[in-house]
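The values are calculated or read from the model by the stated rules, or taken from the named source; none is laboratory data. Worth saying up front: this structure is predicted, and the values here are computed from it rather than measured. Cβ atoms come from the backbone with ideal geometry, glycine included; neighbour counts cover every protein chain shown.
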Amino acid sequence: MALVAVSVTAVAWWYPSPLPDPEVADRTELLYWLVTRDLSQELPETRRTLARRLEQEYSEGIDWKTLDRKMSIDHRKQLWANLPVLLEIWFQDRVQGFHARAPEERLAYVDETIDAIALWNGVESLKVETPGVPSYRSGLLPVLFACIENWKSRAEPPRRDQMARFLTAIQTRWMIRKLSGDLPEAAP
């Protein structure tokens, strides 16, 4: 009986209806967007809202083990298809935010960005191995860095330079924090 209750709860968790507005969606509903919709087909503003809200809602961490037990293979595939889509808009917003800040405010902004990336370390446990697709077993940062090169190649030269400066700031600060033991731990 307990197994049935857990199964029903898991099914209900993954099939809410209708899709809520991402601006007011809760944690579970935001994940529903991430694992059931092709976000490349959504408006850029919807993607931007999803990226912002996911960062807000999961700023305290993510229970990857629970998600691992609840997600089907199809959900995992959709998550991994959507991850670069959301990362791009998130990263572009971060680049803009970095360059909009005064130089003395940028270090804190880079640290905030690194902390957000570190919270999503663990997402690789939800990856479905697909032939010909790189496996990212060391966290979100390698996924992000792999995507950034593609985004930079499509950007206009001034934007490409902004992206490169922000990326250099992240890489430098990440290394300093890693060497000093000041990187946040990934959620369990």
Qualifying positions in the stretch 52-68 - of a type outside the set (Phe, Trp, Tyr) and assigned to a helix (DSSP H, G or I): Arg52, Arg53, Leu54, Glu55, Gln56, Glu57, Lys65, Thr66, Leu67, Asp68
Could you list, in sequence order, all residues of the stretch 141-157 that are in a helix (DSSP H, G or I) and either aromatic (Phe, Trp, Tyr) or free of Cβ contacts under 8 Å to residues at least 24 places away in the same chain (or both)? Pro142, Phe145, Ala146, Glu149, Asn150, Trp151, Lys152, Ser153, Arg154, Pro157
Within the stretch 26-51, the residues that are in a helix (DSSP H, G or I), in contact (Cβ under 8 Å) with a residue 24 or more places away in the chain and more than 15 Å from Leu79 (Cβ to Cβ) are Pro44, Thr46, Arg48, Thr49
Can you tell me which residue within the stretch 29-57, out of those that are acidic (Asp, Glu), out of contact with any Pro (no Cβ under 6 Å at 6 or more places or on another chain) and modelled with pLDDT of 90 or more, is nearest to Asp115 (Cα to Cα)? Glu45
Kindly provide the set of residues from the stretch 147-167 that are surrounded by 11 or more Cβ atoms within 10 Å (Cβ to Cβ) and out of contact with any helix residue (DSSP H, G or I) (no Cβ under 9 Å at 6 or more places or on another chain), ordered by number. Asp161
Hey, among the residues in the stretch 89-105 that are in a helix (DSSP H, G or I) and in contact with a helix residue (DSSP H, G or I) (Cβ under 6 Å, 6 or more places away or on another chain), which one's farthest from Ile170 (Cα to Cα)? Ile89
Identify all residues within the stretch 58-91 that are polar (S, T, N, Q), modelled with pLDDT under 85 and under 14 Å from the mean Cα position of the chain (by Cα); write none if there are none. Ser59
Need pairs with beta-carbon distance below 7 Å; first residue surrounded by 16 or more Cβ atoms within 10 Å (Cβ to Cβ) and within the stretch 89-113, second of a type in the set (Val, Ile, Thr); sequence gap 6+ or separate chains. Phe91/Ile148; Arg94/Thr113; Val110/Ile170; Thr113/Ile170
